Amino acid sequence: MSNEQKGREITISVLKFNPRSKVSKPHFVDYKLEETPGMTLFIALNYIRENLDPDLSFDFVCRAGICGSCGMVINGKPALACRTLTSSYPEGKLKLMPMPAFELIKDLSVNTGKWMDKMSKRVESWIHSNKEVDISKMEERIDPDVANDTFELDRCIECGICVASCGTMLMRPDFVGPVGLNRVARFEVDPHDNRTSEDFYELVGDDDGIFGCMSLMACEDHCPKHLPLQNKIAYLRRKLVSLR
Amino acid sequence: MKVNYCDALVIGGGLAGLRAAVAAQKKGLSTIVLSLVPVKRSHSAAAQGGMQASLGNSKMSDGDNEDLHFADTVKGSDWGCDQEVARMFVHTAPKAIRELAAWGVPWSRVKAGTRDAVINAKKTTITEDEDRHGLITSRDFGGTKKWRTCYTADATGHTMLFGVANEALKHDVDIRDRKEAIRLIHEDGRCYGAVVRDLITGELEAYVAKGTCIATGGYGRVFKQTTNAVICEGIGAAIAIETGIATLSNMEAVQFHPTPIVPSGILLTEGCRGDGGILRDVDGHRFMPDYEPEKKELASRDVVSRRMIEHIRNGKGVPSPYGFHVWLDISILGREHIERNLRDVQEICQIFNGIDPADEGPKGWAPVLPMQHYSMGGIRTKPTGESTRLKGLFACGEAACWDMHGFNRLGGNSVSETVVAGMIIGNYFADFCLENDVTIPTATIQKFVDAEDAYLDEILSYNGSESIFKIKNRMKEIMHDKVGIFRDGPHLEEAVEELKELLVKTKQITVKSKERAGNPELEEAYRVPKMLKVALCVAKGARDRTESRGAHSREDYTKRDDANWLNRTLCTWPNPTDLEPTIEYAPLDIMKMEMPPAFRGYGAKGMIIEHPDSAIRQAEVDELREKMEADGKDRHEIQDALMHFDLPMNYKERNERAGDK
């Protein structure tokens, strides 16, 4: 590739709005820039901030699809911006909006942390055990397949994409969301956690929990970690409905 | 002025900070954690490969113990580490991992029976004993005698971080995210907390505490190419040195990881090579055995990184629009292994480069090049984690120079350090908070807040032609070009001078928006001068250290010089208007070492200028060991006689192992 070769011009249209400002109104701003090979939205948005609009707010941390900071709505679908290649859009036009269901901070930045903390506390997202563990002694044996099953559900990065994708969320602001139900499923599998089905029923056995899901599947369709959200929600629902 | 009082203030919400906070909270202290981002997004989440702990459960780690882990760590450090701290660390690591298991971290476990593995590019069968089934397993990493790196597939940091963060929630630790500490509050040589900016509202608040612990991670983002998250800007280290009292230590000791993918700089874990992946050049030739016949791809990171660059300089690099690189080939591990144990690696290759690394042959090879990865240097502390000069200030994790890594860190020892230091330092920190009061007047607190308030106004009033983004990018280029893997005097001198000029230019900018909140350019404008101070400590430390040790490699001084340089670099910034740090050195005392300096076992031989004490101490050590062995003393008793170390809580208890007789 020669250095003279120019990339195509792309247009990135971003919703700008500062809810803390008395004068700011939601509006789209178009930024035109030259595409570079392998350009992701992380690269593009940083280019825009450094060269076109130093006031543009957005969130990135790892820029590698591991931390879950950069969820946003890209041409109508929620996705991780760091893993989104501009070349995946043949028209060269990307329209970016902040994720719904979360409190807007500014522009593309939303307060997922606040939402996730509340969810974590609500489902008591920690090991419940009355065993005293002596850490100088051998660890408890866990079957490797069970450890792996737990890991498979522990891979959620709390990006909020499932929440932003969720139809129930639009109707029930107190819905625990696919991420919360996945968390319950994760602790249900983990042998370290002594909670019973009845305990989990107490946490999520209502329409803001496991019975609120309408099985629209968008959570699983958009999950960047490919978690089996629908299967697990269906399994939990079958298990908990038997307790009613 | 809003003042938030608490007993224990932790700045930084990654693994180290959260674990230290749990320690403080469990001792009944009101504990606040401040974090730039929701804590589960911390850079700790990005650690893929694993955590070293000498459990010795699996076949390939059988017989492992603290002594072997200690020796590997000291050699890995190129004798730059604090051996007492290394002992504290290796002894607590098995406890840390067992505690994490109880907190729900789903460690990969030993499965009885036979399985295939790739060792030295050859298919091998490993048989795990029935009596080890279900115990925590481990994989191979560079520079270790045994397979010691415990893992959960290649998402180890993620599972650990969620485990520790959940435990912090369980204990009601007060976690406040989107809060940035921009200045430490101190009086009469004692730290009392920080001036903190709320990143949503822009408001300045004071956080006042009996003790303050900085756990803000490393400073990789002062370099152009780095595997670090965008939040790893070294601000925690910067606010420590800006006190004019606390010191930063060994800042020139910067590790470059051999296998970030080109061009994005996203890390492909050392687990790739640990599990049997190999490096190939432009001809597809596996070149590492030519340079390091014994350890090959699994020599320590500094060695592999330098050999890669050396090979590229020898004309064997692969040309690309981003310069030369080499290939990482993991396809030889087989698709099944990759899709189970290296799934994130596969996804990174697929998404960012359009490559499936499980495809056999050149099609599946990933382009890799060494990039900045880890900061061995940081806030200088005692073994308890307290700053050597500023009372009440503690530091742990990558932000600290607790100094178990010396001049090169072994893979798997950093995630391990985060929780182990969180346990050890967290408890010493908590004890300090229990034993000391807050005695600072509110007027003094007000003075600190007002000064920061005025500083932000000053930044907004600048009316110059420079761009803070351009200054930042230029700093990153200088660090990459002149303070990189290979260093020499003239380039380092240039780097120091240019960085000083950039520091002057940070006052010649204009910030377009005058808003105090939601203004990313304003944030850059107060962060970049701090980053430049950190960068200057790195560059000047590297310029003045006329030897090669661990990751610090001078082409004009190629030998490790124990005779003159077996010491720690200490940087202070006594006067805020200074343009560079003041540097002093603290010697490492060979006569107190359990393992006096010697050859590391990899890299070129005969590259050491020896210190006369090395031989004297070695003779002492040998004599004592021989005598105690003859008297029937066990390895723990001998170790204690050679170099005693303390630990808080019951962490000094012996670690039980499946292989114990």
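Any chance you could count how many residues in the range A:125-147 are surrounded by fewer than 16 Cβ atoms within 10 Å (Cβ to Cβ), more than 7 Å from chain B (Cβ to nearest Cβ) and farther than 15 Å from residue B:134 by Cβ?
Residues meeting the conditions: 5.
Identify all residues within the range A:219-244 that are assigned to a helix (DSSP H, G or I), buried (at least 18 other Cβ atoms within 10 Å of the Cβ) and among the aliphatic types (A, V, I, L, M); write none if there are none.
Residues satisfying the conditions are A:229, A:233, A:236, A:240.
In the range B:637-652, which residues are touching a Lys or Arg at 6+ places or on another chain (Cβ under 7 Å) and without any contact (Cβ under 8 Å) to a residue 40 or more places away in the chain? Steps first, please.
Here is the first cut: in the range B:637-652, the ones touching a Lys or Arg at 6+ places or on another chain (Cβ under 7 Å) are B:638, B:643, B:645, B:651.
Within the range B:637-652, just B:638 meets the criteria.
Return the only residue of B:608, B:616, B:590 being β-branched (Val, Ile, Thr) and either surrounded by fewer than 15 Cβ atoms within 10 Å (Cβ to Cβ) or within 19 Å of residue B:69 (Cα to Cα) (or both). Walk me through how you get there before you give the answer.
On the way: B:608 fails: either surrounded by fewer than 15 Cβ atoms within 10 Å (Cβ to Cβ) or within 19 Å of residue B:69 (Cα to Cα) (or both); B:590 fails: either surrounded by fewer than 15 Cβ atoms within 10 Å (Cβ to Cβ) or within 19 Å of residue B:69 (Cα to Cα) (or both).
From the options B:608, B:616, B:590, the qualifying one is B:616.
Take the residues in the range A:34-44 that are at the interface with chain B (Cβ under 10 Å from one of its Cβ atoms) and surrounded by fewer than 17 Cβ atoms within 10 Å (Cβ to Cβ), then tell me which one is farthest from residue B:350 (Cα to Cα).
So, considering only residues that are at the interface with chain B (Cβ under 10 Å from one of its Cβ atoms) and surrounded by fewer than 17 Cβ atoms within 10 Å (Cβ to Cβ), the one farthest from residue B:350 (Cα to Cα) is A:36.
Residue B:434 is checked against (1) under 22 Å from residue B:66 (Cβ atoms); (2) more than 14 Å from chain A (Cβ to nearest Cβ); (3) out of contact with any strand residue (DSSP E or B) (no Cβ under 7 Å at 6 or more places or on another chain); (4) not in a loop (DSSP other than H, G, I, E, B) and fails just one. What number does that condition carry?
(1)
Keeping to the range B:169-212, report how many residues are within 9 Å of chain A (Cβ to nearest Cβ) and hydrophobic (A, V, I, L, M, F, W, C).
Result for the range B:169-212: 4.
Scan the range B:2-49 residue by residue and report those that are among the β-branched types (Val, Ile, Thr), outside any loop (DSSP other than H, G, I, E, B) and either farther than 18 Å from residue B:400 by Cα or within 13 Å of another protein chain (Cβ to nearest Cβ) (or both).
Within the range B:2-49, the first condition is being among the β-branched types (Val, Ile, Thr), and the residues that meet it are B:3, B:10-11, B:22, B:31-33, B:37, B:39.
Next, only the ones that are outside any loop (DSSP other than H, G, I, E, B) stay: B:3, B:10-11, B:22, B:31-33, B:39.
Selection gives B:3, B:22, B:31, B:32, B:33, B:39.
Just one of (1) under 21 Å from the mean Cα position of the chain (by Cα); (2) of a type in the set (A, V, I, L, M); (3) outside any helix (DSSP H, G or I); (4) within 13 Å of chain A (Cβ to nearest Cβ) trips up residue B:55, so point out which.
Of everything listed in (1) under 21 Å from the mean Cα position of the chain (by Cα); (2) of a type in the set (A, V, I, L, M); (3) outside any helix (DSSP H, G or I); (4) within 13 Å of chain A (Cβ to nearest Cβ), residue B:55 misses just condition (1).
List the number of the failed condition for residue A:150; all other conditions in (1) among the polar types (S, T, N, Q); (2) buried (at least 17 other Cβ atoms within 10 Å of the Cβ); (3) more than 11 Å from chain B (Cβ to nearest Cβ) hold.
Among (1) among the polar types (S, T, N, Q); (2) buried (at least 17 other Cβ atoms within 10 Å of the Cβ); (3) more than 11 Å from chain B (Cβ to nearest Cβ), residue A:150 violates only (3).
What residue, among those in the range B:246-264 that are touching a Phe, Trp or Tyr at 6+ places or on another chain (Cβ under 6 Å) and under 19 Å from residue B:302 (Cα atoms), is surrounded by the most Cβ atoms within 10 Å (Cβ to Cβ)? Break it down stepwise before answering.
As a first pass, look at the range B:246-264 and keep what is touching a Phe, Trp or Tyr at 6+ places or on another chain (Cβ under 6 Å): B:253, B:255, B:262-264.
In the following step, the residues that additionally are under 19 Å from residue B:302 (Cα atoms) were identified as B:253, B:255, B:262.
Details: B:253: 32, B:255: 28, B:262: 24.
This residue is B:253.
Among the residues of the range B:296-318, write down those that are touching a residue at least 40 places away in the same chain (Cβ under 8 Å), touching a helix residue (DSSP H, G or I) at 6+ places or on another chain (Cβ under 8 Å) and either surrounded by fewer than 20 Cβ atoms within 10 Å (Cβ to Cβ) or outside any loop (DSSP other than H, G, I, E, B) (or both).
Within the range B:296-318, B:296, B:297, B:298, B:304 meet the criteria.
Among (1) at pLDDT below 95; (2) crowded, with 16+ Cβ neighbours inside 10 Å; (3) out of contact with any helix residue (DSSP H, G or I) (no Cβ under 7 Å at 6 or more places or on another chain), there is one condition residue B:599 misses while meeting the rest; what is its number?
So residue B:599 meets the others, but not (2).
Here is a list of conditions, (1) β-branched (Val, Ile, Thr); (2) out of contact with any strand residue (DSSP E or B) (no Cβ under 9 Å at 6 or more places or on another chain); (3) surrounded by fewer than 24 Cβ atoms within 10 Å (Cβ to Cβ), and residue B:243 meets all of them except one; can you say which number that is?
The single condition residue B:243 does not satisfy is (2).
Can you pull out the helices (runs of 4 or more DSSP H) entirely within the range A:132-202 that have at least 1 residues that are free of Cβ contacts under 8 Å to residues at least 40 places away in the same chain and within 18 Å of residue A:229 (Cα to Cα)? I'd like the intermediate steps shown before the answer.
Values: elements: A:144-154, A:161-164, A:167-171, A:177-189.
Per the criteria, A:144-154, A:177-189.
I'd like the full set of residues that are closer than 21 Å to residue A:112 by Cβ and either surrounded by fewer than 23 Cβ atoms within 10 Å (Cβ to Cβ) or at the interface with chain A (Cβ under 7 Å from one of its Cβ atoms) (or both), limited to the range B:131-166. Spell out the reasoning first.
Narrowing the range B:131-166 to residues closer than 21 Å to residue A:112 by Cβ: B:155, B:157-166.
Within the range B:131-166, B:155, B:158, B:159, B:162, B:166 qualify.
How about the range B:65-111: which of its residues are outside any helix (DSSP H, G or I), away from chain A (no Cβ under 14 Å) and of a type in the set (D, E, K, R)?
Across the range B:65-111, the qualifying residues are B:78, B:82.
Among the numbered conditions (1) within 19 Å of residue A:60 (Cα to Cα); (2) more than 10 Å from chain B (Cβ to nearest Cβ); (3) among the charged types (D, E, K, R), tell me where residue A:103 comes up short.
Going through (1) within 19 Å of residue A:60 (Cα to Cα); (2) more than 10 Å from chain B (Cβ to nearest Cβ); (3) among the charged types (D, E, K, R) one by one, residue A:103 breaks only (2).
Checking the conditions here, which among A:47, A:31 is away from chain B (no Cβ under 14 Å), hydroxyl-bearing (Ser, Thr, Tyr) and surrounded by 15 or more Cβ atoms within 10 Å (Cβ to Cβ)? It would help to see each step written out before you state the result.
Numbers: A:47 fails: away from chain B (no Cβ under 14 Å).
So the residue among A:47, A:31 that is away from chain B (no Cβ under 14 Å), hydroxyl-bearing (Ser, Thr, Tyr) and surrounded by 15 or more Cβ atoms within 10 Å (Cβ to Cβ) is A:31.
Is it the case that some residue within the range A:83-92 is in a helix (DSSP H, G or I) and surrounded by 24 or more Cβ atoms within 10 Å (Cβ to Cβ)? Can you show your working first?
The initial filter retains those residues of the range A:83-92 that are in a helix (DSSP H, G or I), namely A:83, A:86-88.
Still in the running and surrounded by 24 or more Cβ atoms within 10 Å (Cβ to Cβ): none.
Among the residues of the range A:83-92, not one is in a helix (DSSP H, G or I) and surrounded by 24 or more Cβ atoms within 10 Å (Cβ to Cβ), which makes the answer no.
Only one of these is touching a strand residue (DSSP E or B) at 6+ places or on another chain (Cβ under 8 Å) and either at pLDDT below 95 or assigned to a loop (DSSP other than H, G, I, E, B) (or both): B:407, B:394, B:429, B:448. Name it. Let's see the steps before the verdict.
Working: B:394 fails: either at pLDDT below 95 or assigned to a loop (DSSP other than H, G, I, E, B) (or both); B:429 fails: either at pLDDT below 95 or assigned to a loop (DSSP other than H, G, I, E, B) (or both); B:448 fails: either at pLDDT below 95 or assigned to a loop (DSSP other than H, G, I, E, B) (or both).
Criteria check complete, one pass: B:407.
For the range B:119-127, does any single residue satisfy the condition of being among the hydroxyl-bearing types (Ser, Thr, Tyr) and either buried (at least 24 other Cβ atoms within 10 Å of the Cβ) or in contact with a helix residue (DSSP H, G or I) (Cβ under 6 Å, 6 or more places away or on another chain) (or both)? I'd like the intermediate steps shown before the answer.
We begin by selecting, within the range B:119-127, every residue among the hydroxyl-bearing types (Ser, Thr, Tyr); these are B:124-125, B:127.
Imposing the further condition that a residue be either buried (at least 24 other Cβ atoms within 10 Å of the Cβ) or in contact with a helix residue (DSSP H, G or I) (Cβ under 6 Å, 6 or more places away or on another chain) (or both) reduces the set to none.
Checked the range B:119-127: no residue is among the hydroxyl-bearing types (Ser, Thr, Tyr) and either buried (at least 24 other Cβ atoms within 10 Å of the Cβ) or in contact with a helix residue (DSSP H, G or I) (Cβ under 6 Å, 6 or more places away or on another chain) (or both).
Among the residues of the range A:3-28, how many are in a strand (DSSP E or B) and more than 12 Å from chain B (Cβ to nearest Cβ)?
Within the range A:3-28, residues that are in a strand (DSSP E or B) and more than 12 Å from chain B (Cβ to nearest Cβ) number 9.
Report whether or not residue A:81 is at the interface with another protein chain (Cβ under 7 Å from one of its Cβ atoms), modelled with pLDDT of 95 or more and touching a strand residue (DSSP E or B) at 6+ places or on another chain (Cβ under 7 Å).
Values: at the interface with another protein chain (Cβ under 7 Å from one of its Cβ atoms): no; modelled with pLDDT of 95 or more: yes; touching a strand residue (DSSP E or B) at 6+ places or on another chain (Cβ under 7 Å): yes.
Spelling it out, it is not the case that residue A:81 is at the interface with another protein chain (Cβ under 7 Å from one of its Cβ atoms), modelled with pLDDT of 95 or more and touching a strand residue (DSSP E or B) at 6+ places or on another chain (Cβ under 7 Å).
The values are calculated or read from the model by the stated rules, or taken from the named source; none is laboratory data. Since this is a predicted model, take the numbers as computed values, not measurements. Counting neighbours? That spans all protein chains shown, and the Cβs are built from the backbone with ideal geometry, glycine included.
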